[in-house]
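Just so it is clear, none of the values below were taken in a lab; they were calculated from the coordinates. Note that the coordinates shown come from a computational prediction; the quantities given were computed from them, not determined experimentally. Note: ideal-geometry Cβ built from the backbone for every residue, glycine included; neighbour counts use all protein chains shown.
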Amino acid sequence: MRELVGTCESCGKDVFCLDGFLNGVSEAGRLECFECADGEKGTVHPQDKGKSE
Ligand SMILES: [Zn+2]
């Protein structure tokens, strides 16, 4: 099953949800594809929280 979730706010690419797996990143109300989310500095991954200090 493939569902169109929206478009990447950085590059305008379509972001889909594939079998419940989001083909991108939705954060703070912004939707981005993996490529743009990867290139963005300052993004904190949940699993990294609390370990950097
Ligand atoms: Zn993008």
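Give me the pairs, please: first residue somewhere in segment 1-14 and in contact (Cβ under 8 Å) with a residue 24 or more places away in the chain, second residue anywhere and among the aromatic types (Phe, Trp, Tyr) and surrounded by 12 or more Cβ atoms within 10 Å (Cβ to Cβ), beta-carbon distance under 7 Å, and either six or more positions apart or on two chains.
Every condition considered, the pairs that remain are 5/16.
Looking only at residues in segment 12-42 that are over 18 Å from residue 2 (Cα atoms) and among the aliphatic types (A, V, I, L, M), which one is surrounded by the most Cβ atoms within 10 Å (Cβ to Cβ)?
37
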